[in-house]
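Have a look at the structure below, then the notes.
The values are calculated or read from the model by the stated rules, or taken from the named source; none is laboratory data. Predicted model, so just to flag it, every value in this text is computed and none were measured. Positions of Cβ are generated from backbone atoms using ideal geometry, with glycine treated the same way; all protein chains shown enter the neighbour counts.
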Amino acid sequence: MLEDILEKHFGYTSFRPGQKEVIEQLIEGRDVVALLPTGMGKSMCYQLPGYLFDAPVLIVSPLLSLMQDQVDQMKQFGEKRVIALNSFLNAEQKRYALHFLHEYRFIFASPEMLLQEQVKERIANMKLSLIVADEAHCISQWGFDFRPDYLRIGEIIPTVKRPPILALSATATASVLHDIETYLHMQTPFQYIHSVDRPNIHFAKKFFQDKGDKIPWIIQHVQSTRGPGIIYTQSRAKTESLSMQLLECGINAAAYHAGKDAEDRQFIQQQYIAGQLEWIVATNAFGMGVHKADIRQVIHETMPSTVANYMQEIGRAGRDGLDAVATLLYAEGDEQFAKFIVTEDLPKSGHVESYQNYLMNRENPKNMLISGEISETAFRVLHYWMQQEPIEAVKKRLVHMEISKYEAVNDMMKIIETTNCMRDYVVSYFGQQIIDKPSNCCQGCGLNTSELLTKRTVEVQDISTLSWQNRLQKILLGDM
């Protein structure tokens, strides 16, 4: 029985909803798309089959930090035959890993690593029992306009006698599901789609006359309500500024964004998970792979660019099943800023012409990067599509991308504008219906957050003069 294997290897006596159904289909050799909310144990869907099959499980993972976190967790639970193929490996470690790759039970890798010729060839000559696309929505949401290598995952999938493919995500619309199935070459996959609704997360929103009024409100709110929490903003500078202001008020907080060193980011994340930081002020670089069950609040200082991003980010709260509050702040003009942000790194029509001119002059188009006329992200997108389609088709695609991103922001604005139930709108956006609406549901239903967020009782101390590294050191040493 599957329950016996579950208890033997993981110590559980019963499955969470969806896990057993997914595993049974994989055992039958069928492709599976599984949408399970954050905290529902998606990783069990491939970890348990790993102990049933006689060949390695390959897991394609979107983020280095997420991959490393998953590997570390498995090692902590006693699994030795697990490895991450990533940039942390030096040349000698990589050669060793590739030589003995067939002996591992679980192999984690990024799409970019899998498409390196040496790795691609090694995988092609190996027997695999299962191929997993973790956070599979990234194939659609990132692949077209951020990391095109996601669209090439199908290149590493054998065309004959291939293992079943498992695509895992927490949220996906019908169009995203279509992209996942198409680019992974899935064959009539079994779909398990759990409701995206998290009844213990309560939806709040607050309107401001001026953008500058948001920060004072956040500081007062954080001081008077309970954490732990995450504050999302779209500016690296604002994460630093706001976290410092919270520190000056005696609140243990840290900024997190992609501009920080990898070691710093990992250290901050670990302290937050351990409860030694109460608040994280972050860009959307923070959250994927963060396994912290007791997050009580998620505050969006600026609106997310898509409903899917919004649901992914608020889904990090309340994983222990207890009440949590997601608060969305809005001031007039926020949607215009969101539209600027989401299209900033899209290549424009002029970039297409410039790329073609470089080719015609027998020059390397990468000179566009050297001259500073295009960002690295935009060039990556442009370079991919220029190799896939004729020039006019690329121009049309870029226009379509921009329109799609504007429409996604408009969809997000509907959550802000509606005077009806916020939960109803969000759930219906993903083509689903609410089964049981919770009490104290959302702003539109008459939300009372005082019943959900008890007042802080943490003793306030003056730590404003310390760098975040020194503060965390003092936390570790127990001096505070």
Exactly one of (1) surrounded by fewer than 23 Cβ atoms within 10 Å (Cβ to Cβ); (2) on the phi < 0 side of the Ramachandran plot is unmet by Gly333. Its number? (2)
Going through (1) at pLDDT 90 or above; (2) farther than 26 Å from Phe146 by Cβ one by one, Ala282 fails only at (2)
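Given Leu115, Leu85, Leu166, which one is touching an Asp or Glu at 6+ places or on another chain (Cβ under 7 Å) and not small (Gly, Ala, Ser)?
Numbers: Leu85 fails: touching an Asp or Glu at 6+ places or on another chain (Cβ under 7 Å); Leu166 fails: touching an Asp or Glu at 6+ places or on another chain (Cβ under 7 Å).
Only one candidate qualifies: Leu115.
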Residue selected from segment 2-26 under the condition in contact with a helix residue (DSSP H, G or I) (Cβ under 8 Å, 6 or more places away or on another chain) and loosely packed, with under 13 Cβ neighbours inside 10 Å, by the criterion farthest from Leu166 (Cα to Cα): Thr13
Over segment 206-261, the set of residues within 19 Å of Thr454 (Cα to Cα) and free of Cβ contacts under 8 Å to residues at least 12 places away in the same chain is Gln220
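Restrict the check to segment 124-134 and report whether at least one residue is in a helix (DSSP H, G or I), under 25 Å from the mean Cα position of the chain (by Cα) and more than 25 Å from Ser195 (Cα to Cα).
Within segment 124-134, the first condition is being in a helix (DSSP H, G or I), and the residues that meet it are 124.
Those still in the list that are under 25 Å from the mean Cα position of the chain (by Cα) too: none.
Looking for residues that are in a helix (DSSP H, G or I), under 25 Å from the mean Cα position of the chain (by Cα) and more than 25 Å from Ser195 (Cα to Cα), one finds none in segment 124-134, hence no.
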From (1) over 22 Å from Leu382 (Cα atoms); (2) outside any loop (DSSP other than H, G, I, E, B); (3) within 19 Å of the chain's Cα centre (by Cα); (4) of a type outside the set (Ser, Thr, Tyr), pick out the condition that doesn't hold for Cys138. (1)
Consider Arg226 carefully, then state whether it is in the same structural domain as Gln297 (by TED's automatic domain parsing), touching a Lys or Arg at 6+ places or on another chain (Cβ under 6 Å) and surrounded by fewer than 22 Cβ atoms within 10 Å (Cβ to Cβ). yes
Do you know which residues across segment 89-130 are within 30 Å of Lys405 (Cα to Cα) and aliphatic (A, V, I, L, M)? Ala109, Met113, Leu114, Leu115
Which ones in segment 118-141 are at pLDDT 90 or above and in contact with an Asp or Glu (Cβ under 8 Å, 6 or more places away or on another chain)? Lys120, Ser129, Ile139
Test Phe144 against the stated conditions and say whether it is farther than 22 Å from Asp345 by Cα, out of contact with any Pro (no Cβ under 7 Å at 6 or more places or on another chain), modelled with pLDDT under 95 and assigned to a loop (DSSP other than H, G, I, E, B). no
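Please specify each residue of segment 359-379 satisfying the condition of being of a type outside the set (S, T, N, Q) and over 19 Å from Ala393 (Cβ atoms).
So in segment 359-379, the residues of a type outside the set (S, T, N, Q) come out as 359-360, 362-363, 365-366, 368-370, 372-374, 376, 378-379.
Listed by number, the residues that qualify are Arg362, Glu363, Lys366, Met368, Leu369, Ile370, Gly372, Glu373, Ile374, Glu376.
Condition check: surrounded by fewer than 21 Cβ atoms within 10 Å (Cβ to Cβ) and either charged (D, E, K, R) or part of a helix (DSSP H, G or I) (or both). Does Met401 satisfy that?
Details: surrounded by fewer than 21 Cβ atoms within 10 Å (Cβ to Cβ): yes; either charged (D, E, K, R) or part of a helix (DSSP H, G or I) (or both): yes.
Yes: the conditions hold for Met401.
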Of the numbered conditions (1) farther than 19 Å from Ala204 by Cβ; (2) acidic (Asp, Glu); (3) buried (at least 20 other Cβ atoms within 10 Å of the Cβ), Glu389 satisfies every one except a single condition; which is it? (3)
So how many residues does segment 315-330 have that are within 20 Å of the chain's Cα centre (by Cα) and buried (at least 18 other Cβ atoms within 10 Å of the Cβ)? 10
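With respect to Val352, is the statement that it is aliphatic (A, V, I, L, M) and at pLDDT 95 or above true?
Values: aliphatic (A, V, I, L, M): yes; at pLDDT 95 or above: yes.
Yes.
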Filter result (under 26 Å from the mean Cα position of the chain (by Cα) and among the small types (Gly, Ala, Ser)) within segment 85-114: Ser87, Ala109, Ser110
What's the number of the condition His202 fails, among (1) surrounded by fewer than 20 Cβ atoms within 10 Å (Cβ to Cβ); (2) touching an Asp or Glu at 6+ places or on another chain (Cβ under 9 Å); (3) of a type outside the set (Gly, Ala, Ser); (4) not in a helix (DSSP H, G or I)? (1)
So which of Asp210, Asp179 is of a type in the set (Asp, Glu) and touching a helix residue (DSSP H, G or I) at 6+ places or on another chain (Cβ under 8 Å)? Asp179
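Before we move on, is Met67 among the hydrophobic types (A, V, I, L, M, F, W, C), in a loop (DSSP other than H, G, I, E, B) and within 18 Å of the chain's Cα centre (by Cα)? Break it down stepwise before answering.
Working: among the hydrophobic types (A, V, I, L, M, F, W, C): yes; in a loop (DSSP other than H, G, I, E, B): no; within 18 Å of the chain's Cα centre (by Cα): yes.
No, not satisfied.
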Scanning segment 1-28 residue by residue, the ones that are more than 25 Å from Thr188 (Cβ to Cβ), basic (Lys, Arg) and out of contact with any Gly (no Cβ under 8 Å at 6 or more places or on another chain) total 1
Could you list, in sequence order, all residues of segment 1-33 that are without any contact (Cβ under 8 Å) to a residue 60 or more places away in the chain, more than 22 Å from Asp320 (Cβ to Cβ) and either in a helix (DSSP H, G or I) or in contact with a His (Cβ under 8 Å, 6 or more places away or on another chain) (or both)? Leu2, Glu3, Asp4, Ile5, Glu7, Lys8, His9, Lys20, Ile23, Glu24, Ile27
